[in-house]
1. Out of segment 268-282, which residues are assigned to a strand (DSSP E or B) and either at positive phi or touching a His at 6+ places or on another chain (Cβ under 8 Å) (or both)?
2. Can you work out which of the residues in segment 252-275 that are crowded, with 19+ Cβ neighbours inside 10 Å and away from ligand 1 (no atom under 15 Å from the Cβ) is nearest to Thr71 (Cα to Cα)?
3. Of all residues in segment 86-114 being closer than 17 Å to Leu11 by Cα and more than 16 Å from ligand 1 (Cβ to nearest atom), which is surrounded by the most Cβ atoms within 10 Å (Cβ to Cβ)?
4. List the pairs whose first member sits in segment 99-113 and is β-branched (Val, Ile, Thr), whose second member is away from ligand 2 (no atom under 14 Å from the Cβ), and whose Cβ atoms are under 6 Å apart, counting only residues at least 6 apart or on separate chains?
5. Select from segment 1-32 the residues that are among the aliphatic types (A, V, I, L, M), within 16 Å of ligand 2 (Cβ to nearest atom) and outside any helix (DSSP H, G or I) and write down the one among them that is farthest from Cys54 (Cα to Cα).
6. Among the residues of segment 25-36, is there at least one that is closer than 25 Å to Trp282 by Cβ, surrounded by 14 or more Cβ atoms within 10 Å (Cβ to Cβ) and modelled with pLDDT under 85?
7. If I ask for residues that are within 16 Å of ligand 2 (Cβ to nearest atom) and either out of contact with any His (no Cβ under 9 Å at 6 or more places or on another chain) or free of Cβ contacts under 8 Å to residues at least 24 places away in the same chain (or both), which ones from segment 146-164 would you list?
8. In segment 117-145, what residues are touching a residue at least 40 places away in the same chain (Cβ under 8 Å) and touching a Leu at 6+ places or on another chain (Cβ under 8 Å)?
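The values are calculated or read from the model by the stated rules, or taken from the named source; none is laboratory data. As the structure is a prediction and not an experimental result, all values here were calculated from the model. Reconstructed Cβ throughout: ideal geometry from the backbone, glycine too, with neighbour counts over all protein chains shown.
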Amino acid sequence: MRILHFSDVHLPFPEGALRDPAVLHPKRLLALVNFRLRRSDKYAEARQKLDGLCDFLRQEPVDWILYTGDTMNLGLEKEYMEDAEPIARVLEMARKGALAVPGNHDLYAGASLRHYRRRFAKRFPKSDVPEAAVGAKGSPGGFPSVRYMGQEAVAIGINSAVPRFPFWDSSGRLDAAELGALERLLDSPAVARRKWVFVMTHYPFLDTDCLHGLRNTEPFWRLVEGRKNVVLLHGHNHRIYLKQGPGGIPVFCAGSLSKRGAESFWLFEPFAGSLNARRGVWRNARFSLDPVGE
Ligand SMILES: [Fe+2]
Ligand SMILES: [Fe+2]
């Protein structure tokens, strides 16, 4: 079984996206200045990297694809209109199925929830257990979402992205109702008996920074404590890494698929009781896998 996890594509603005009056929202204006000064050139080839991922998947097919969000930049309507399709096409390249959660740049300001529901949620894969989802306040709905991956593994997506007004605040939050639903799922026999339970969200489970990290990690860690089958996946930090959480729970950040010089994804192959994890790297204008242990 092969599972690919990628994140943080940050596709360039579609033609005409910045003519939207919504760009005058103070948070967007400031973010746009910041983007022009510091970021945009690093992600200018994001489309090419996404095409590169498709080429990789044609040569090295995977069974499941997990995506942890940040498809766009400012949550403008044109971005919602144009950007869901290329991501959905990548997710459809999985031989058996996929699961996606939104990032903070996909739920950017107030109207984002509506746009996300209309343009993205409808286009992305549906949960295997729709009745487990709770209608959390400020959430696009539909979470937790579940993808059973054969008899041995399952992926559970929870939302941690919340539209925030102040431009300096890009922190995330886990909703209490969603955490309750996650706990019920983890305790359910169909999940508990599986050897690998991938819990995925956009924000880093270990970063508690109140302006850029996940604000309420404590109830989450209490909930997963002692569960030996849990593996955590996230994005948001644009560098790939593996860390150990409390109790030795592995925490994988996929980094950014498209950040120039740091393009990355993870490829997991559970085998004989261990999880073989390899990094995808961009070399010579194509993605390939780092040799194991490099
Ligand atoms: Fe990001
Ligand atoms: Fe992010």
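1. If the condition is that a residue be assigned to a strand (DSSP E or B) and either at positive phi or touching a His at 6+ places or on another chain (Cβ under 8 Å) (or both), then Phe268 is the only one that fits.
2. Trp266
3. Step by step, filter segment 86-114, then rank; the result is Val90.
4. Val101/Gly157
5. Selected residue: Leu11.
6. yes
7. Gly157, Ile158, Val162, Pro163, Arg164
8. Phe124, Val129, Ala132, Pro144, Ser145, listed by residue number.
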